[in-house]
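Peer 1: Pasting a structure below so you can have a look.
The values are calculated or read from the model by the stated rules, or taken from the named source; none is laboratory data. Everything quoted here is computed from the prediction, not taken from an experiment. Cβ placement follows ideal geometry from the backbone for every residue including glycine, while neighbour counts extend to all protein chains displayed. These area figures cover heavy atoms from the full protein model, side chains too; ligands, DNA and RNA do not enter into them. Shrake-Rupley method; radii C 1.70, N 1.55, O 1.52, S 1.80 Å.
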Amino acid sequence: KTGTITEGKPSVEKVGFSEDFSEEEVLQYIVSLNQNSEHPLADATVKYGKEKNSDPEASGIKTTDFNSVTGKGVTGTINGKKIALGNEKMMQQAGGDISEALQKEISEEQKKGKTVPMLSVDGKVVGYVVIADKIKGTSKKAINELQQKGIEVIMLTGDNHDTAKAVAAELNLADFKAEMLPQDKLEVVEKLHAEGKKVAMAGDGINDAPALAKSDVGIAMGTGTDVAIESAGITLVKGDLHGIVKAFHLSEKVMSNIKQNLFFALIYNALGVPIAAGVLFPIFGILLSPMIAALAMSFSSVSVITNALRLRSAKI
């Protein structure tokens, strides 16, 4: 979702905290952890921390034993305390116990379509950060056009179910799957293959790479990670989903052009070879001059190339 359907420019809206911690403390823990991460969401929190003049190291907060858990979040140790930041699965892994009041606040934000990583300290959720990422202006139009062509569109996201549901509703998507890990996305592609379907997968992150490589057509956002681009067969340089619609239209025109070129090549040979072999000589006394044969073969090549060049002006 992030960077594919959305703009990939997440920004922090606010930081939530429990009664045992201040907003500043929660933000310092989050910034300290995320300084070691390369995820777009991590970059957004670090940027927000700088805007708020948050300086974890000045407060004696420094992360050690940093670990990034794909599809879940990050963990580390700060002043002997075990810290985890991420989604529900990350909290489950860290044994994060959450209060009813904090859970209610987080759920309300998720229902608005926001991504809400949670922070746990020694197995207790003490805060969260609300991150928004605007849906690309072309995403809804692109998805609608694909659906009109009879293509089934499914959104696979690592986000919480409520967040995914809100985004899917805005995009008029009937089918979506939330809280997906990389192996889960891969399993969806394999399941669709088993049903005899052709699958095109669009993604931009490390989490998407296995599914991109397994799908019939892997489509990477040019604004995404290198591993996603390497795993895909098509790269949309601008990271615009409408590029999928253009690629679909172009592929239809290319296949039509190939069939036309095969016809041109076949008809020239079907007519020229028998005449060159003398099939008309017994009846009409006609033999094909080698010069005319050479000219016909050249014209065949010119016809094929000229027809192929029409793709340059094709409207996609």
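Peer 1: If I filter the range 116-156 down to residues being of a type in the set (S, T, N, Q) and closer than 14 Å to residue 5 by Cα, which single residue comes out as modelled with the highest pLDDT? Reasoning before the result, please.
Peer 2: Pass one, the range 116-156, residues of a type in the set (S, T, N, Q): 120, 138-139, 144, 147-148.
Retained after the next criterion (residues that are closer than 14 Å to residue 5 by Cα): 138-139, 144.
Working: 138: 88, 139: 91, 144: 94.
Residue satisfying both the conditions and the ranking: 144.
Peer 1: Quick one: count up the residues across the range 167-188 that are open to solvent by 20 Å² or more (accessible area, probe 1.4 Å), more than 23 Å from residue 70 (Cα to Cα) and not in a loop (DSSP other than H, G, I, E, B).
Peer 2: 3
Peer 1: Also, quick follow-up: Could you grab me the full set of residues in the range 36-63 that are in contact with a helix residue (DSSP H, G or I) (Cβ under 7 Å, 6 or more places away or on another chain) and in a helix (DSSP H, G or I)?
Peer 2: Here is the first cut: in the range 36-63, the ones in contact with a helix residue (DSSP H, G or I) (Cβ under 7 Å, 6 or more places away or on another chain) are 42, 45-46, 49, 52, 54, 56, 59, 61-63.
Listed by number, the residues that qualify are 42, 45, 46, 49, 59.
Peer 1: Run down 243, 239 and say which single residue is open to solvent by less than 70 Å² (accessible area, probe 1.4 Å), part of a helix (DSSP H, G or I), under 18 Å from residue 143 (Cβ atoms) and in contact with a strand residue (DSSP E or B) (Cβ under 6 Å, 6 or more places away or on another chain).
Peer 2: 243
Peer 1: Still on this structure, I have one more. Would it be correct to say that residue 83 is open to solvent by 40 Å² or more (accessible area, probe 1.4 Å) and β-branched (Val, Ile, Thr)? Spell out the reasoning first.
Peer 2: Numbers: open to solvent by 40 Å² or more (accessible area, probe 1.4 Å): no; β-branched (Val, Ile, Thr): yes.
It is false that residue 83 is open to solvent by 40 Å² or more (accessible area, probe 1.4 Å) and β-branched (Val, Ile, Thr).
Peer 1: Of 289, 251, which residue is of a type in the set (Ser, Thr, Tyr) and modelled with pLDDT of 90 or more?
Peer 2: 251
Peer 1: For the range 189-209, how many residues are surrounded by 19 or more Cβ atoms within 10 Å (Cβ to Cβ) and touching a Lys or Arg at 6+ places or on another chain (Cβ under 9 Å)?
Peer 2: Count: 6.
Peer 1: Just give me the residues in the range 54-76 being among the charged types (D, E, K, R) and out of contact with any strand residue (DSSP E or B) (no Cβ under 8 Å at 6 or more places or on another chain), in sequence order.
Peer 2: 55, 57
Peer 1: For the range 173-202, which residues satisfy the criterion of being touching a strand residue (DSSP E or B) at 6+ places or on another chain (Cβ under 8 Å) and closer than 12 Å to residue 154 by Cα?
Peer 2: 173, 175, 176, 177, 185, 188, 189, 199, 200, 201, 202
Peer 1: Would you check which residues across the range 146-166 are part of a loop (DSSP other than H, G, I, E, B) and open to solvent by 50 Å² or more (accessible area, probe 1.4 Å) and list them?
Peer 2: Across the range 146-166, the qualifying residues are 149, 150, 151, 152.
Peer 1: Right, next: Pairs under 6 Å by beta carbon, first residue closer than 13 Å to residue 29 by Cα and touching a residue at least 40 places away in the same chain (Cβ under 8 Å) in the range 74-95, partner of a type in the set (A, V, I, L, M, F, W, C) and open to solvent by 50 Å² or more (accessible area, probe 1.4 Å), six or more apart or different chains?
Peer 2: These pairs meet every condition: 76/66.
Peer 1: Another question, if that's okay. For residues in the range 40-68 being under 23 Å from residue 107 (Cβ atoms) and open to solvent by 20 Å² or more (accessible area, probe 1.4 Å), which is modelled with the highest pLDDT?
Peer 2: 48
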